[in-house]
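The values are calculated or read from the model by the stated rules, or taken from the named source; none is laboratory data. Since we're looking at a predicted model, the values are computed, not measured. Cβ sites come from the backbone with ideal geometry, for glycine too, and all protein chains shown count toward neighbours. Ligands, DNA and RNA are stripped out before the accessible areas are found, and what is left, the full protein with its side chains, is counted by its heavy atoms. Shrake-Rupley method; radii C 1.70, N 1.55, O 1.52, S 1.80 Å.
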Amino acid sequence: MSEKNGQTKSLEAKLPWYYNVYNTIKDTPINLTLLLVSAFVFYKVVNISRQRRNLNRVRNFFGYGTDNEKSQLPPLRRDFTVKELLKYNGTREDGRILVAVNYNIYDVSCAKQVYGQTGAYPQWAGCDISRNLINFTAERNENQEFDYMRDLTAQQRSTLVEWDQQYSEKYPLVGRLVSDDDDDEDERPVDGENEEDSKSQIEQQLGTI
């Protein structure tokens with residue numbers, strides 16, 4: 001009898017480790033339950049940790065949790081061409097910084113720690129950063145021509161819309177990025193002129209007729 005037990009133990013020792021695990025689970029069903037519960041808990045912990053890392057990455061990118069400098073600049077309401085936008089890279093006297101996302105232009109002057117000359121992404125200031133956000137690249141967009149982005153896939157367009165939504169919740173909307181063909185500088189308000197100023201001027205003009 002002892003010889004058979006010895007042979008059995010010797011045979012089990014040669015079997016793969018997962019065979020012993022299987023026998024243990026089969027002999028004690030509660031172990032299977034504990035294994036499934038442990039696997040589920042591990043999955044949830046890993047998933048939550050990944051979501052927190054992604055959330056922190058987005059928060060850090062947009063300056064959440066930091067003391068953003070409040071912009072004292074007057075509201076700006078106008079459209080820009082690509083070449084005009086390049087001037088608003090933080091080097092002007094007023095220090096205003098603009099970026100374009102999905103043809104919408106946002107004033108990011110309050111986030112100098114991100115877009116300022118000593119910030120994390122100074123090369124993005126004054127540029128259309130749509131493709132940077134889509135492709136997660138930090139290079140400066142040197143293209144001075146209007147980008148129609150006709151080559152974007154449906155997934156890339158969806159990603160760009162999500163980024164646009166993020167910027168709209170964080171930064172003031174200035175206007176639209178327009179092509180040189182659509183540009184009519186005489187019809188656009190000058191820098192610092194907001195909607196109320198435009199309305200007031202129109203009323204004054206009507207009153208003189």
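Can you name the residue in the range 107-160 that is of a type in the set (Val, Ile, Thr) and in contact with a Leu (Cβ under 9 Å, 6 or more places away or on another chain) and, of all such residues, is least open to solvent (accessible area, probe 1.4 Å)? Step through it out loud before you land on a result.
Here is the first cut: in the range 107-160, the ones of a type in the set (Val, Ile, Thr) are 108, 114, 118, 129, 134, 137, 153, 159.
Cutting the leftovers down to in contact with a Leu (Cβ under 9 Å, 6 or more places away or on another chain) gives us 108, 134, 159.
Values: Val108: 0, Ile134: 19, Thr159: 28 Å².
By that ranking, first place goes to Val108.
With the structure loaded, tell me whether Gly126 is touching a helix residue (DSSP H, G or I) at 6+ places or on another chain (Cβ under 7 Å) and modelled with pLDDT under 95 or whether it fails that test.
Values: touching a helix residue (DSSP H, G or I) at 6+ places or on another chain (Cβ under 7 Å): yes; modelled with pLDDT under 95: no.
No; evaluated as a whole, the condition is false for this residue.
Could you give me the residue pairs with C-beta distances under 6 Å whose first residue belongs to the range 109-133 and is in a loop (DSSP other than H, G, I, E, B), whose second residue is charged (D, E, K, R) wherever it lies, and which are 6+ apart or on separate chains?
What qualifies is Ser109/Arg96; Cys110/Glu69; Gly119/Lys112.
I'd like to verify a number: residues in the range 144-176 that are assigned to a loop (DSSP other than H, G, I, E, B) and under 22 Å from Ser109 (Cα atoms), how many? Walk me through how you get there before you give the answer.
We begin by selecting, within the range 144-176, every residue assigned to a loop (DSSP other than H, G, I, E, B); these are 144-153, 171-172.
Those still in the list that are under 22 Å from Ser109 (Cα atoms) too: 144, 171-172.
Going through the range 144-176 one residue at a time, the tally reaches 3.
Collect the residues in the range 83-106 that are part of a loop (DSSP other than H, G, I, E, B) and open to solvent by 20 Å² or more (accessible area, probe 1.4 Å), keeping them in residue-number order.
Start the filter on the range 83-106 by keeping residues that are part of a loop (DSSP other than H, G, I, E, B), which leaves 86-88, 90-96, 102-103.
Answer for the range 83-106, where residues must be part of a loop (DSSP other than H, G, I, E, B) and open to solvent by 20 Å² or more (accessible area, probe 1.4 Å): Leu86, Lys87, Gly90, Thr91, Arg92, Glu93, Asp94, Asn102, Tyr103.
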